[in-house]
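The values are calculated or read from the model by the stated rules, or taken from the named source; none is laboratory data. Every value quoted in this text rests on a predicted model; they were computed, and no experiment measured them. Using ideal geometry, Cβ is built from the backbone for each residue, glycine included, and neighbour counts are taken over all protein chains shown. Just so you know, the surface numbers come from the protein's heavy atoms only, side chains and all, with ligands and any DNA or RNA stripped out. Shrake-Rupley method; radii C 1.70, N 1.55, O 1.52, S 1.80 Å.
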Amino acid sequence: QQQVKQSPQSLIVQKGGISIINCAYENTAFDYFPWYQQFPGKGPALLIAIRPDVSEKKEGRFTISFNKSAKQFSLHIMDSQPGDSATYFCAASRGGGATNKLIFGTGTLLAVQP
Amino acid sequence: DAGVIQSPRHEVTEMGQEVTLRCKPISGHDYLFWYRQTMMRGLELLIYFNNNVPIDDSGMPEDRFSAKMPNASFSTLKIQPSEPRDSAVYFCASSFTGPVNYGYTFGSGTRLTVV
């Protein structure tokens with residue numbers, strides 16, 4: 001119940017295309033769902049996050065879609081750019097997020113081809 | 001602020017040796033997390049502290065692993081004795097309790113290789 005399942009494991013997208021990464025969870029007590037972006041040799045960095053009281057959150061080219069009934073959420077990267085090439089992790093926690101332990105998905109390696 | 005600072009960046013050690021990883025969280029952050037990243041298991045939470053007190057160490061894999069936080073600006077993760085299967089990238093992250101959720105800030109990690 002503590003797992004967060006992420007797919008696909010890797011993704012290749014053409015420049016200007018849409019990248020979509022999906023995550024699913026089981027624990028209905030989770031109430032905070034962030035996405036982290038990691039470049040080689042660096043630690044993960046918070047990209048965008050959502051709480052279950054909304055179905056979508058958009059920040060620039062990045063959008064989280066959240067389906068509470070299906071216990072799924074996804075990251076959409078519009079107009080993907082080569083600079084977006086990185087590993088993306090979804091995560092979940094309960095009780096607020098920043099001060100509670102995050103359970104991470106297994107990561108998606110995104111490559112955006114020029 | 002320089003962010004979360006981890007040292008060393010790389011560590012190569014022989015099986016059986018003691019390894020100590022160090023972390024300096026962001027000033028003012030009251031939570032500190034230690035994660036381990038491997039290709040097979042992804043990012044695993046090992047232990048986390050609140051106000052220097054360990055809150056959850058259920059992710060520490062074995063008694064060979066120990067972590068301390070003697071003060072708000074320093075934490076260590078020690079492996080004794082080290083084994084080849086401990087080879088991984090170890091991340092420290094910090095966060096703070098506040099009205100706005102800024103998430104975790106991760107350090108750049110320590111890549112540990114045990115030969």
Seminar exercise, completed: Within segment B:57-81, the count of residues that are open to solvent by 40 Å² or more (accessible area, probe 1.4 Å) and in a strand (DSSP E or B) comes to 6
For this session: Mind counting the residues in segment B:4-46 that are in contact with an Asp or Glu (Cβ under 8 Å, 6 or more places away or on another chain), open to solvent by less than 30 Å² (accessible area, probe 1.4 Å) and farther than 19 Å from residue A:100 by Cβ?
Result: 2
For this session: Please name all residue pairs, on different chains or six or more residues apart, with Cβ atoms under 8 Å, provided the first residue is in segment B:49-61 and is aliphatic (A, V, I, L, M) and the second residue is part of a strand (DSSP E or B).
Result: B:53/B:69; B:55/B:48; B:55/B:49; B:60/B:46; B:60/B:47; B:60/B:66; B:60/B:67
Exercise. Quick one: is residue A:51 of a type outside the set (Phe, Trp, Tyr), open to solvent by 60 Å² or more (accessible area, probe 1.4 Å) and within 13 Å of chain B (Cβ to nearest Cβ)?
Worked result: yes
Problem set entry | Hits in segment A:72-107 (condition: closer than 16 Å to residue A:50 by Cβ, modelled with pLDDT of 95 or more and either more than 13 Å from chain B (Cβ to nearest Cβ) or open to solvent by 10 Å² or more (accessible area, probe 1.4 Å) (or both)) | A:72, A:73, A:74, A:75, A:76, A:77
Problem set entry | Leading residue by the ranking (modelled with the highest pLDDT) among those in segment B:28-56 that are assigned to a loop (DSSP other than H, G, I, E, B) and closer than 20 Å to residue B:109 by Cβ | B:29
For this session: Quickly run through segment A:16-37 and pick out the residues that are among the aromatic types (Phe, Trp, Tyr) and at pLDDT 95 or above.
Result: A:25, A:35, A:36
For this session: Provide a single number: the residues in segment B:102-115 that are open to solvent by less than 60 Å² (accessible area, probe 1.4 Å) and among the aliphatic types (A, V, I, L, M).
Result: 2
For this session: Please indicate, with yes or no, whether at least one residue in segment B:90-101 is in contact with a His (Cβ under 6 Å, 6 or more places away or on another chain) and surrounded by fewer than 19 Cβ atoms within 10 Å (Cβ to Cβ).
Result: yes
Problem set entry | Selection from segment A:11-48 of residues that are open to solvent by less than 80 Å² (accessible area, probe 1.4 Å) and of a type in the set (Ser, Thr, Tyr) | A:19, A:25, A:32, A:36
